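The values are calculated or read from the model by the stated rules, or taken from the named source; none is laboratory data. Every value quoted in this text rests on a predicted model; they were computed, and no experiment measured them. Neighbour counts are summed over all protein chains in view; Cβ atoms, including those assigned to glycine, are modelled from backbone coordinates with ideal geometry.
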Amino acid sequence: MIDDFKSYHGSAFADLIDESISPIKLFRPDLKNNAYYILNDHIGLYVKHSTKRLTPWRFTFQVEHVNNLQDMFSKHQYNFLVLVCGRDSIAVVEKAEIERILPINNPEVSWVSVQRSHNTSLTVEGSAGALKRKIKKSKPFWRVYEILSSLP
C-alpha cells in the first residue's frame, strides 16, 4: 500500500520536474522525516499535504515541525514550504514568508491556512500572520526555478 504522503508529495514533485528546464536532484536526508527534502544540494523543501477536497486547507505545525523548519533554515541558503492542497493546488512559500506566517523564533503549535480565491490565486495565512501577496496557482514553483537557474 502506498502511503498517503507519497501520493501527495509525488504530485508536487511531478509538477516541479515537469516545468523545470534544469536537471532535478531530489532526496530525503532522513527517512524518518517525511516532510524534509533537499533539492539540488542547495534548496530545502518542507512539504505538507491536506487530503481535504475543498478550500480552505488547514495545515497543523507541531512544535517539532517548526523546529524542523528552523533546522532546515540553518542548513540551506534557500528554503521553501510546499503546501499540497488536496488535488486542487500547490502553494509554495519562501523562507521570509514562512517567517511571517509561522512563529519560527518561538516554536509553538501553529497552523497555516490556504484558501482558493476566484479559482486563480491562493490566500495564505498562518497563526503568526498573513502573506501580503496572493499566490498564483498556475506556476507554484516559479521562484524555485529562478534559483535553480542561478546556481552553478
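Return the residues of segment 46-89 that are modelled with pLDDT under 95 and among the β-branched types (Val, Ile, Thr); say none if nothing qualifies.
Thr51, Thr55
Look through segment 128-141, keep the residues that are of a type outside the set (A, V, I, L, M) and surrounded by fewer than 16 Cβ atoms within 10 Å (Cβ to Cβ), and return whichever of them is modelled with the highest pLDDT. Reasoning before the result, please.
Taking segment 128-141 as the starting set, the residues that turn out to be of a type outside the set (A, V, I, L, M) are 129, 132-134, 136-141.
From the residues that got through so far, the ones that are surrounded by fewer than 16 Cβ atoms within 10 Å (Cβ to Cβ) too are 129, 132-134, 136, 138-139.
Numbers: Gly129: 92, Lys132: 88, Arg133: 89, Lys134: 89, Lys136: 86, Ser138: 83, Lys139: 87.
Out of the qualifying residues, it is Gly129.
Being closer than 16 Å to Lys95 by Cα, assigned to a strand (DSSP E or B) and at pLDDT 90 or above is true for just one of Val144, Val124, Val114. Which residue is that?
Residue meeting the stated conditions: Val124.
Using the structure shown, decide if Thr51 is in contact (Cβ under 8 Å) with a residue 60 or more places away in the chain and surrounded by fewer than 20 Cβ atoms within 10 Å (Cβ to Cβ).
Considered against the rule, which asks whether it is in contact (Cβ under 8 Å) with a residue 60 or more places away in the chain and surrounded by fewer than 20 Cβ atoms within 10 Å (Cβ to Cβ), Thr51 comes out as no.
What's the number of the condition Pro29 fails, among (1) surrounded by fewer than 19 Cβ atoms within 10 Å (Cβ to Cβ); (2) in contact with a Ser or Thr (Cβ under 8 Å, 6 or more places away or on another chain)?
(2)
With the checklist (1) free of Cβ contacts under 8 Å to residues at least 60 places away in the same chain; (2) touching a strand residue (DSSP E or B) at 6+ places or on another chain (Cβ under 9 Å) in hand, flag the one item Arg116 doesn't pass.
In the conditions (1) free of Cβ contacts under 8 Å to residues at least 60 places away in the same chain; (2) touching a strand residue (DSSP E or B) at 6+ places or on another chain (Cβ under 9 Å), Arg116 misses (1) alone.
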